[in-house]
Amino acid sequence: MHQHAKVLASRSAMDKARLRREIVLSPGEHGVGDEHCCIRTILGSCVSITLWHPLRRIGAMCHFLLSTRPQHEHSELDGRFANDAILLMSTELIAHGVKPAECEAKIFGGASMFQHPRMQCATHVGRANGEAARALLESLRIPIVAESLYGNGHRQVVFDVSTGRVWSRQHALTDSAMPLFTLPASPIDVATAA
């Protein structure tokens with residue numbers, strides 16, 4: 001009988017895994033999900049912000065490219081820009097009954113993607129993105145509980161909405177043959193790095 005209970009428990013875990021929904025973000029996109037969701041992306045100088053409500057187990061993640069929108073460009077909200085990305089995520093969280101100020105935030109990305117000295121001005125894009133993310137979250141009074149910003153090379157980011165944990169792995173510019181969306185052998189769990 002004990003083995004039968006073990007088999008049922010295994011099947012239940014497998015069923016839960018099958019029900020899990022995965023969202024893969026491209027630049028300029030955002031995603032919102034519940035405890036059955038995992039959100040992934042790859043970042044260079046772009047930045048991702050995760051917002052997670054620990055009681056409701058609902059979370060959101062964005063992937064923005066630039067810290068500010070050009071002044072001459074006046075159109076609908078565009079997730080490529082930091083402020084718009086936060087507004088898009090907030091609007092969708094509110095539609096799900098979640099107040100963004102009750103969420104925990106984590107920030108990732110903002111890396112330099114160029115090693116050549118002539119390209120140093122391009123490294124400022126990532127830094128500006130990271131600083132914009134911090135400033136926006138502070139202005140909205142959303143606590144930042146962890147971050148993994150700057151450095152060189154791209155990052156893989158995986159957000160498990162059921163737990164609020166985020167795995168981030170940065171690949172140096174010389175790691176050109178790294179496969180996409182693989183978890184590190186021992187994940188860097190910034191969920192506990194406050």
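Counted residue by residue at 0.36 nm each, then reduced by the alpha carbon distance between them, the extension gain from residue 75 to residue 24 reaches 15.8 nm. When the GluC sites (Glu not before Pro) in region 33-122 are filtered for DSSP coil states and for at most 13 other beta-carbon atoms within 10 Å of their beta-carbon, the remaining sites are 73, 76.
Residue by residue, region 41-51 carries 3J(HN,Hα) couplings of 6, 10, 10, x, 7, 5, 10, 10, 10, 10, 10 Hz when phi is fed to the Karplus relation 6.51 cos²θ - 1.76 cosθ + 1.60 (θ = phi - 60°); x denotes Gly or Pro. Amide H to amide H, with H built 1.01 Å from N, residue 151 comes under 5 Å of 112, counting only residues 5 or more places away or on other chains. Take every DSSP beta bridge whose two residues both sit in region 21-170; close to 70 percent of them are antiparallel. Sequentially through region 146-160, phi angles give Karplus couplings (6.51, -1.76, 1.60; θ = phi - 60°) of 6, 7, 9, 10, 6, x, 10, x, 7, 10, 9, 10, 10, 10, 8 Hz, Gly and Pro residues having no value and appearing as x.
No lab work stands behind these numbers, since they all come straight from the coordinates. Bear in mind the structure is a predicted one, so any value in this text is a computation, not a measurement. Cβ: placed from backbone, ideal geometry, glycine included. Neighbour counts: every protein chain shown.
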